[in-house]
Ligand SMILES: [Zn+2]
Ligand SMILES: [Zn+2]
């Protein structure tokens, strides 16, 4: 048996339970979970809002961001062995449907996201298909390695358009927005302007390379950005706050 954090019934809350160790299919990799991180998605599922009710069937072990150590591999697994340090792509894609075959696996028509539609990573062990596992550098601490999944989301979003040589504005400095600040800066943005209502988050944005941080409760953000860009405004806006207003 193993400990697992489970959404037991269609209502708010999680329960810590003893669950059977998952079976290992021939193409599966058994991973001892070393670190996990909590996503906004987990909060939706914890609170059991309308989104969660439409996506999740209970009972379900939650959690989709993690890293760990391979402890056993199925007989058809060729790329991994016990002892490997790995992290995972949370979307289990089929590799057969039209989007998968067009290189768009993240919108697979048959996708199952761990911790949302299939048992997830807030447990002592998880079994993943070999195709969704990535080897992780040994010197990356587990609490950082687990963040590669949301970092990947932010890389995808930030680089959906051109940021190099552009003035980039990031609204919302939660983890995804902060990643976007660092990614845009690393990829050659002319400047990165970060917007948030919390000074703590703006300080983190500065640490990650933001050229200018703006708090709309304390300044006129539009006027500041017009001044900083010689009246032209931001070339790229990355909305990472999720705030409908
Ligand atoms: Zn997530
Ligand atoms: Zn597919």
*Given the conditions (1) more than 16 Å from ligand 2 (Cβ to nearest atom); (2) touching a residue at least 12 places away in the same chain (Cβ under 8 Å); (3) surrounded by 12 or more Cβ atoms within 10 Å (Cβ to Cβ), and given that residue 44 satisfies all but one, which numbered condition is not satisfied?*
(2)
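Among the residues of region 29-45, which ones are under 30 Å from residue 174 (Cα atoms) and either assigned to a loop (DSSP other than H, G, I, E, B) or in contact with a helix residue (DSSP H, G or I) (Cβ under 8 Å, 6 or more places away or on another chain) (or both)? Lay out the reasoning, then the answer.
From region 29-45, those under 30 Å from residue 174 (Cα atoms) are 31-45; that's our starting set.
Correct list: 34, 35, 37, 38, 39, 44, 45.
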*residue 93 fails exactly one of the following numbered conditions: (1) more than 11 Å from ligand 2 (Cβ to nearest atom); (2) touching a residue at least 12 places away in the same chain (Cβ under 8 Å); (3) farther than 19 Å from residue 23 by Cα. What is the number of that condition?*
(1)
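Residues checked against (1) assigned to a strand (DSSP E or B); (2) outside the structural domain of residue 60 (by TED's automatic domain parsing); (3) at pLDDT below 95:
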| position | (1), (2), (3) |
| --- | --- |
| 103 | no, no, yes |
| 106 | no, no, yes |
| 109 | no, no, no |
| 116 | no, no, no |
| 121 | no, no, no |
| 127 | yes, no, no |
| 138 | no, no, no |
*Looking at (1) within 16 Å of ligand 2 (Cβ to nearest atom); (2) without any contact (Cβ under 8 Å) to a residue 12 or more places away in the chain; (3) part of a loop (DSSP other than H, G, I, E, B), which is the one condition that is false for residue 99?*
(3)
*Of the conditions (1) assigned to a loop (DSSP other than H, G, I, E, B); (2) without any contact (Cβ under 8 Å) to a residue 60 or more places away in the chain; (3) out of contact with any strand residue (DSSP E or B) (no Cβ under 9 Å at 6 or more places or on another chain), residue 81 fails just one. Which one is it?*
(3)
_I'm trying to understand the selection: among the residues of region 20-39, which are farther than 17 Å from residue 134 by Cα and either outside the structural domain of residue 76 (by TED's automatic domain parsing) or more than 15 Å from ligand 1 (Cβ to nearest atom) (or both)?_
20, 21, 22, 23, 24, 25, 26
*Can residue 189 be described as part of a loop (DSSP other than H, G, I, E, B), in contact (Cβ under 8 Å) with a residue 12 or more places away in the chain and in the same structural domain as residue 114 (by TED's automatic domain parsing)?*
no
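Here's the yes/no breakdown for (1) away from ligand 1 (no atom under 16 Å from the Cβ); (2) farther than 26 Å from residue 147 by Cβ; (3) crowded, with 16+ Cβ neighbours inside 10 Å:
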site	(1), (2), (3)
3	yes, no, no
79	yes, no, no
84	yes, no, yes
91	no, no, yes
96	yes, yes, no
*Pick from 26, 70, 62: which is in contact with a helix residue (DSSP H, G or I) (Cβ under 8 Å, 6 or more places away or on another chain) and either more than 26 Å from residue 138 (Cα to Cα) or more than 16 Å from ligand 2 (Cβ to nearest atom) (or both)?*
62
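The values are calculated or read from the model by the stated rules, or taken from the named source; none is laboratory data. Predicted model only: the values in this text are computed from it and were never measured. Note: ideal-geometry Cβ built from the backbone for every residue, glycine included; neighbour counts use all protein chains shown.
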